[in-house]
Structures are given as structure tokens and as C-alpha cells.
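The values are calculated or read from the model by the stated rules, or taken from the named source; none is laboratory data. Worth saying up front: this structure is predicted, and the values here are computed from it rather than measured. We place every Cβ from the backbone using ideal geometry, glycine too, and count neighbours over all the protein chains shown.
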Amino acid sequence: MQKIKYILSAVCVFCLGVSAKQSNTLLFEQGPYKIFNEQALEVLNLNSHVKTLASGYDWLEGPVWVNQGGYLLYSDIPNHQVYKYTPGKGASLYLAHSGYSNGLIVNKQNELVLLQSRSRVISKMKTPLSTPKPQYLQIVSHYNGQKFNSPNDGVFNDQGMLYFSDPPYGLPNQLDDEGKELKFQGVYSLKNTGELTLLDRDLIYPNGVALSADNKTLYVAASNANKPAWYQYDLNDSGAVISKSLFYLGVLQQLLP
């Protein structure tokens, strides 16, 4: 539970930082915090301290907590690396060649699954978590014969079905990249059988993915500067989408004039 609180706090601090960039009215300062919107007080304890655990990276993404071992893994995408942070020991290099991973997931078999954004594939590490090596088994790389844009984030349900997003962020020119094969950015599901299903093709920048504890609702963040939002997808017992709806309209959109 403490790990969950820590992650949620980090998310809240990030969101508040985004809000600050959009609003120029500073309400007040307390300690390290600058409050631009009083809604921040609903989620932020001003007596809490932000502690830097590690630094010196270029662009961090895709953290995953490894229960067996008690450590955090995270991707430094531009540097093609995965790092490990162990409480009380600090950070260390975990994988020197990550395939330009973004999202990281540990499956039920206790294997590391990597959404290798700039490599445009989803793979799993062949070696055990305790003895990491840059040796990968490709899981999926194409939809209907066309290469993915750049797999970004994902989550497994209790049956081992993988839900994941495929925005254009890993492509040099993103939406206008010459190497882009798909005309859309998708949200997908992948069954254990290898059956790949396109769930949504209408989001311009599908990004973060989460699943409710009962496996009945899929959440996808759309990091579209013109309409940042979270969407929810109601799922049936087999994991298929029943309906889609807007879950929350993002902070940036609310602050725009």
C-alpha cells in the first residue's frame, strides 16, 4: 500500500506541475511547493517532502515494482537502458541495451515484458529477473502485416491478456514519420493464444494504460495537448470492450481559455 501511495503522490505532483505551466496566477508558496490551483490542496500534503532518489537521466518512463526482490525498474529511453532502484541501496544499471524500452511489466510467470518503443516491438527478456541480460523473445510487432508505431505502455489482466497503447512518440517525426506504416494510433489487446485485437483507433496519442482491480474497466490516457483526457472502456468477462466513455477531461484543457 505504501508503494501505491508513493506512486500516486508522484503522479499528483506531476499533474500539479503541468497545471502550473498553464496558469500564471500563483496563489501561495509553502516549502518546496508553489500552488497555482487550490484543488491541489485536495490531494497534496504540504508537509510532505519530495526526495530525489536518483538523477542524471535523460527521459524516464515505464516504472514497475518487482515484488520478488523488492526493487523498482524503470526505462531511460534515449539511452537505451533500464535501471534498478533498491531501497537502502540506491540506483544501478539493470540492462545496458533495452531495445529502447518504455513501459515495463512483470507477468505472472515473473518475466520482464518490455514495450520497446523505438524498436517498435513488444518483447520479453529471456533470462530471469535476477540475472538480467539483453536477450529478448519478440512477442508481437505488427497489426495486419503493418509494423506498430511505438508500443508505449501496457497492463496484464488476471487471465494474462495484455492491453497496450501504440502512439507515434518513438518515431523521429511522430505522426509525419516516413516509416510509419499504420494510419492510426491504436489501443490493443493480445491474448495468450496470440490473437491481437484492435480496441480503439480514434485516439491521436494513446499513452498510459491501467486496469481496474476487478478487470472490468480499462483506462487509457490520451496525451493530446489539444484535448488531454482519460477514457474508460467497460470490459466483459472475456476481456473484450463493451463500451467506451470519457472518464476525465485533462487539466490542460480545463485551464485553456
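Hey, any hits in segment 219-235 for a residue that's surrounded by 19 or more Cβ atoms within 10 Å (Cβ to Cβ), of a type in the set (A, V, I, L, M), in contact with a Lys or Arg (Cβ under 7 Å, 6 or more places away or on another chain) and in the same structural domain as Phe247 (by TED's automatic domain parsing)?
Scanning segment 219-235, I find at least one residue that is surrounded by 19 or more Cβ atoms within 10 Å (Cβ to Cβ), of a type in the set (A, V, I, L, M), in contact with a Lys or Arg (Cβ under 7 Å, 6 or more places away or on another chain) and in the same structural domain as Phe247 (by TED's automatic domain parsing), so the answer is yes.
Just give me the residues in segment 144-166 being within 18 Å of Pro63 (Cα to Cα) and either buried (at least 22 other Cβ atoms within 10 Å of the Cβ) or aliphatic (A, V, I, L, M) (or both), in sequence order.
Once the filter is applied, which keeps residues that are within 18 Å of Pro63 (Cα to Cα) and either buried (at least 22 other Cβ atoms within 10 Å of the Cβ) or aliphatic (A, V, I, L, M) (or both), segment 144-166 yields Ser150, Pro151, Asn152, Asp153, Gly154, Val155, Leu162, Tyr163, Phe164, Ser165, Asp166.
What number of residues within segment 108-133 satisfy the criterion of being of a type in the set (A, V, I, L, M, F, W, C) and either part of a loop (DSSP other than H, G, I, E, B) or surrounded by fewer than 16 Cβ atoms within 10 Å (Cβ to Cβ) (or both)?
1
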